[in-house]
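The values are calculated or read from the model by the stated rules, or taken from the named source; none is laboratory data. Not measured: the values here are computed from a predicted model. Note that each Cβ is placed from the backbone with ideal geometry, even for glycine, and that neighbours are counted across all protein chains shown. Just so you know, the surface numbers come from the protein's heavy atoms only, side chains and all, with ligands and any DNA or RNA stripped out. Shrake-Rupley method; radii C 1.70, N 1.55, O 1.52, S 1.80 Å.
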Amino acid sequence: MACCIKQSSLSITHSNLIPKRDYNPNLGFLSFSSIPKSKNQKWDFSYSIKKPLYLSRIENPKAYEADKSQSLDLNIELPKSQVDGQKVKIGIYFAIWWGLNVVFNIYNKKVLNAYPFPWLTSTLSLATGSLIMLISWAMRIAEFPKTDFEFWKNLFPVAVAHTIGHVAATVSMSKVAVSFTHIIKSSEPAFSVLVSRLLLGETFPLPVYLSLVPIIGGCALSAATELNFNMTGFMGAMISNLAFVFRNIFSKKGMKGNSVNGMNYYACLSIMSLLILTPFAIAMEGPQMWALGWRNAFSQIGPNFVWWIIAQSIFYHLYNQVSYMSLDEISPLTFSVGNTMKRLSVIVSSIIIFQTPVRPINALGAAIAILGTFIYSQSKQ
């Protein structure tokens, strides 16, 4: 007998029915565990379903009766059209995710070059995303999330880590090239292993530890040979790595038993992060500095500067929202590989667009680090 789905037996006990023992190709096999010996006894029988998805030939149907507790060995083969459709879907997710991220990084760097206020820039990104989702909920474009106090309590540490990571990355990009920031941020797996091992007591297989060697070595080589090295930019990227590792750890704990989908989860995260960040942004930079910088930037660039601000804020929210939504559709391994390739696409595109000078030894360090990140994502599964 050849078929392609393994189903467990479903037993239904009923009384006052007339038993029948037969095989029906639309249902499966019928078997009875006991038959009443007198009129006062009730019928007690089991109805076992073993319905195949594909059936070519049946030999000795009695061999698979439910009361024998035997299972069929089945191999699942999805239709080629369904497999191809899933591949196309994943490809679309990646294309949108990478595209939005590249566009955000380009406009974000343009804004920071003309308007070097990373705290305000980070705040505007979160504010724009929060406004988009509030309007979507009000107009019922998106379903309003059902949350409670426990949800927001679990979200708070995630929002703190997200806020720190977001600001630190923006500070980094205000001081160094986009490509250099993302090369250093590719060392995030090393921070993840370190924190998980020291604080959570997790252990990893040897290949995971070995994959950290090219990651750390490549980042060190790239940093040592960076033409426009800046310590503030370097430390910003490193702090961002550490913060996002804690964000991921807190997210895993907070998402357990949570029914809020990826899109709404990130929306709630943006709103809470905005509330956390705003007072610190005012304290670190302040309205007077913002106003003076705005006048200088607008006088040099003109109305396009306003579009840059809007674009970087919108694309920041969209690329993060798509990344959270994609987690609902693809496996963690696929997501890790996609994240590695996303960083590579940002590095290459930023070097081309901003014509960043790169020495061969610097490019080699970046390539080694990216390769190590890819190996890490494979080894960790």
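Given the criterion open to solvent by 10 Å² or more (accessible area, probe 1.4 Å), of a type in the set (D, E, K, R) and modelled with pLDDT of 90 or more, identify the matching residue among Lys253, Lys175.
The conditions single out Lys175.
Return the total of residues in region 349-364 being part of a helix (DSSP H, G or I) and either touching a Ser or Thr at 6+ places or on another chain (Cβ under 8 Å) or aromatic (Phe, Trp, Tyr) (or both).
5
Among (1) modelled with pLDDT of 85 or more; (2) open to solvent by less than 70 Å² (accessible area, probe 1.4 Å); (3) farther than 17 Å from Pro118 by Cβ; (4) of a type in the set (S, T, N, Q), where does Ser323 come up short?
(1)
Under the condition of being without any contact (Cβ under 8 Å) to a residue 24 or more places away in the chain and within 20 Å of Asn105 (Cα to Cα), which residue from region 349-381 is least open to solvent (accessible area, probe 1.4 Å)?
The qualifying residue least open to solvent (accessible area, probe 1.4 Å) is Ala363.
Suppose we keep only residues that are open to solvent by less than 30 Å² (accessible area, probe 1.4 Å) and touching a Ser or Thr at 6+ places or on another chain (Cβ under 8 Å) within region 267-304. Which one would you say is farthest from Leu131 (Cα to Cα)?
Ala281
Is there any pair linking a residue in region 216-237 that is among the polar types (S, T, N, Q) to one that is open to solvent by 80 Å² or more (accessible area, probe 1.4 Å), with Cβ under 6 Å and at least six apart or on different chains, and which?
So the pair list comes out as Thr225/Arg359; Asn230/Lys175; Thr232/Lys175.
If I go through region 129-172 residue by residue, how many of them are within 15 Å of Asn320 (Cβ to Cβ) and open to solvent by 30 Å² or more (accessible area, probe 1.4 Å)?
So the count comes out to 2.
Counting just the residues of region 256-279 that are touching a helix residue (DSSP H, G or I) at 6+ places or on another chain (Cβ under 7 Å) and over 20 Å from Glu150 (Cβ atoms), which one comes out modelled with the lowest pLDDT?
Met263
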